[in-house]
Amino acid sequence: MYPENEVQICMSVKTYCKYAGVTMLSILEHTASPVRFHILHDGTLSQENREKLNAIVAAYPAASLEYHVVDMSQLAAKEETYRRLSIGPLFRLRMFDALPRDLKRVIQLDADLVVNLDLAELWNLDLQGNMLAACVDTSTSRKVICEKGLVAYDEYINVGVVLWDVAALQRENIDLYRESNAFFRRVPDVRLPDEEAVNVIFHGRIKHLDERYNYLSIHTKTKHDRLEEKIYHFAADVPRTNGHFMVDRLFEACLRKTPWWTPEFVERVKNADAERKAKRAWLRERIPQASQSWRKRVFWGIGGSIHPFIMDRFDLRPDDVFVDSDQRKWGTQHLGHEVKNPSVLQEALKERPAIFVTIYRYHEVRETLLQMGYRENEDFFDCKALLDEDLLAQFFGERVQPWDAGDSKER
């Protein structure tokens, strides 16, 4: 039996051990109560990474760590949905099979988080008879179940941070994996299978949390936010060790205290930063060339803080096309052009239009375009490269002093 005041945290690890380590350390730095981590893995977790995770926990007397192997051999491979599902989300669907049966509740966390508050606040939350608690998703990513009318957009939750009433699941004999399989058979074309399954299965039995418990890091970069007592989620964002933004600096401060911060790692970061700057310089030349060519131009995305700054770099033409992932914007007017469904790009593939991504969340658009058959940096481009880093820092974050490699004492 686990102590009632001990915060139980479940995380899945596969290839993102370093990021999981940052999440764990940030929790231990800010949580006064005892903490026990339950790490789910498929048996491929290396001894080196295990020792590093152990070292983080060993530095905090009130912390402990357990490893649980998730049996992936019984997956319903015949389900079409599983062919598009990475291993990490599958851990979530099987987590209650792997966790100890005497757990009464557990906080499930993604690995791409930095916790900047005392997690006991969430742990002690009254679920008021609900099965779980989570934050409404504030991203603009496409939600198939919302398009189908199964869950309203303003009720759809992000499962990066979830407080589960495990005892209630056991009392009602709810098998998340079995229920998810049944859902996938009904709706095989979901885009975020594990998340959309949870939204539908537990619809009406979810307590909505304040957004500070799962605050997308991208918002700190587009809303001029200062750091507050929040859980910052890097969903579809990339934490940087040499970034302009305060949330990136928070990530780096935690990373420096983990065993992954080594002289070799610092050198790799410096080399990667040099490559990034060289790529930006190349794109700043390549994008105008593509824009001025004979090709039809498509601009993806009409929202976000950086969009108007990027559009200032283009002189619009009557035949330009605007598309957006958010179906609520389809058919509306933007800069004198009708906003269309991105599906028009599938039909236009043979023509090879030049596609300019004008929003911050380039990563999501990139995956979609690659799946359609478009070529990165030939057919489509991340137009953030057109903006000077000084401009990005001035308008979307706090300018910091030039990053130094740091002293090995800070590891």
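Which pairs have Cβ atoms under 7 Å, sit 6 or more apart or on different chains, and link a residue in region 267-285 that is closer than 21 Å to Pro239 by Cα to one that is of a type in the set (Gly, Ala, Ser)?
Matching pairs, first to second residue: Lys270/Ala405; Arg280/Ala385.
For residues that are farther than 20 Å from Gly160 by Cα and not β-branched (Val, Ile, Thr), scanning just region 185-208, find the one that is least open to solvent (accessible area, probe 1.4 Å).
Pro188
Within region 66-82, take every residue that is modelled with pLDDT of 60 or more and open to solvent by 30 Å² or more (accessible area, probe 1.4 Å) and give me the one that is farthest from Asp189 (Cα to Cα).
In this case the residue turns out to be Glu66.
Would you check which residues across region 353-376 are closer than 19 Å to Asp320 by Cα and either open to solvent by 10 Å² or more (accessible area, probe 1.4 Å) or part of a loop (DSSP other than H, G, I, E, B) (or both) and list them?
Listed by number, the residues that qualify are Pro353, Thr358, Ile359, Tyr374.
Taking the condition in contact with a Gly (Cβ under 6 Å, 6 or more places away or on another chain) and open to solvent by less than 30 Å² (accessible area, probe 1.4 Å), does Asn214 pass?
Judged against the criteria, Asn214 is a match.
Restricting the search to region 21-38, which residues are touching an Asp or Glu at 6+ places or on another chain (Cβ under 8 Å), aliphatic (A, V, I, L, M) and surrounded by fewer than 23 Cβ atoms within 10 Å (Cβ to Cβ)?
Result: Ala32, single match.
How many residues are among the aliphatic types (A, V, I, L, M), open to solvent by 60 Å² or more (accessible area, probe 1.4 Å) and not in a loop (DSSP other than H, G, I, E, B) if we restrict to region 51-65?
1
The values are calculated or read from the model by the stated rules, or taken from the named source; none is laboratory data. Not measured: the values here are computed from a predicted model. Note that each Cβ is placed from the backbone with ideal geometry, even for glycine, and that neighbours are counted across all protein chains shown. Remember, those area values only see protein heavy atoms, side chains included, never the ligands or the DNA or RNA. Shrake-Rupley method; radii C 1.70, N 1.55, O 1.52, S 1.80 Å.
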